[in-house]
1. May I ask you to compute the full-extension gain from residue 380 to residue 127, defined as 0.36 nm times their residue separation minus their alpha-carbon distance, rounded to one decimal in nm?
2. Report the extension gain between residue 298 and residue 345 in nm, rounded to one decimal, defined as 0.36 nm multiplied by the number of residues separating them, less their alpha carbon distance.
3. Kirkwood hydrodynamic radius, the chain, all distinct C-alpha pairs: what's the number in Å?
4. Can you give the relative contact order of the chain as a percent, counting alpha carbon pairs under 8 Å and 6+ residues apart?
5. Over the Cα atoms of segment 159-253, how large are the radius of gyration and the largest Cα-Cα distance (Dmax), in Å?
6. In Å, what Kirkwood hydrodynamic radius results for segment 243-349 from the alpha-carbon pair distances?
7. Once each part is reduced to its C-alpha centroid, what is the distance from segment 349-385 to segment 167-203 in angstrom?
8. Whole angstrom only: what separates the Cα centroid of segment 86-151 from the Cα centroid of segment 262-318?
């Protein structure tokens with residue numbers, strides 16, 4: 001993970017937001033290469049799930065909705081996390097990410113240890129338990145450390161659990177609910193009548209526009225509405241780089257089906273479609289797994305939710321959620337707004353509220369998963385090489401054009417002309433600085449799949465250009481016309 005963080009900052013993928021003022025926790029800015037990779041991810045998703053399907057249409061709703069939207073959807077009441085404070089350090093934690101264990105020696109409890117949910121938390125807890133045993137100089141075998149969720153602690157145990165910040169017991173407060181929506185005001189007034197919220201998800205913008213799309217979109221059930229857009233959550237503990245941040249971007253579909261349809265089959269079908277899409281952009285199935293939410297932990301709207309999990313450097317975590325939302329959202333908005341958000345079935349001459357399958361994935365998490373998958377280190381000609389093996393479809397630059405030598409005008413002129421021709425169709429880079437090997441390495445490090453070199457044979461013998469493959473290091477010659485056709489084939493999805 002440290003290597004990825006270093007690469008992101010050094011090569012202009014991701015920067016800490018407001019860095020010159022010390023940064024702002026949970027917010028990030030995407031640099032020249034990062035914005036290209038993000039745009040390519042979104043474009044690939046839109047092409048595959050909207051343009052290449054007959055049953056999906058698009059939408060772009062506003063970030064701020066009428067505040068009653070969030071009362072109807074349940075967010076005002078239910079969109080909360082359990083929060084605990086450390087009275088001494090003033091640090092705040094999500095209680096459901098905090099785990100603790102009693103430390104027992106020879107059957108006697110000698111104290112407690114606590115750790116945050118993270119990779120290796122069991123090992124960290126056992127190490128902390130050993131430290132506590134040494135500090136208290138207790139003899140006897142340390143019993144196995146059994147971690148428990150902090151939210152399951154009894155009131156008697158809470159004062160004994162040490163803060164992860166200080167290691168001292170007694171400084172953590174009992175859990176309390178914390179609503180994660182960012183509050184703002186609309187208009188000139190700053191009172192309760194002007195309170196609004198930045199949307200914490202893109203889904204509700206789709207539901208409140210359901211009637212508009214049905215009336216204008218010439219859609220037929222089953223059909224979906226897709227949206228890509230920003231969402232905002234006031235996370236208690238943003239962590240793991242861009243994995244959990246306070247501003248992020250979602251790619252989301254609400255797929256509407258008849259209430260008589262087999263929702264479990266539809267749900268499973270969308271899970272498989274999402275798995276296949278991840279593979280198509282370079283995230284292998286071997287790094288993906290499925291986690292079905294147990295019934296007692298389902299969201300208030302969900303009939304069934306399955307998370308697609310990815311093997312991140314910091315542990316296996318959620319990459320995408322696929323939820324069966326039933327008819328909860330449309331029913332709620334119909335009742336609260338007084339507007340009928342239903343479907344008229346021409347064949348049966350009946351009206352009903354459709355049910356919904358929702359595949360929702362974060363652009364930023366896909367971005368991070370791609371970097372984690374693509375990052376490799378190897379050795380070429382005795383030198384260490386960092387290479388991002390990004391598929392051409394999502395790579396920031398599709399190719400880089402080089403003159404073999406920058407002090408030969410005929411090579412430079414031909415390379416610039418080729419670059420100008422290619423950039424009409426592809427995002428390509430031009431570089432003439434330094435030895436050709438160094439230029440190759442720079443492009444390898446940012447994921448450019450093909451290096452195109454204009455040399456003396458190109459100019460003097462009209463022998464075409466040399467095309468170097470980033471991953472195999474093989475070089476082949478081809479004409480400029482063949483090169484355009486080659487890139488067309490390789491870059492497309």
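1. Here the segment from residue 380 to residue 127 would lengthen by 87.1 nm.
2. Gain on extension, residue 298 to residue 345, equals 13.8 nm.
3. This gives a value of 26.1 Å.
4. Relative contact order of the chain: 13 percent.
5. 19.9, 63
6. 16.2 Å
7. Distance between centres, Cα-based: 29 Å.
8. One Cα centre to the other: 32 Å.
Read the figures in this text as sums done on the coordinates, not as results from a lab. As the structure is a computational prediction, the values presented were derived from the model and not from experiment. Cβ atoms come from the backbone with ideal geometry, glycine included; neighbour counts cover every protein chain shown.
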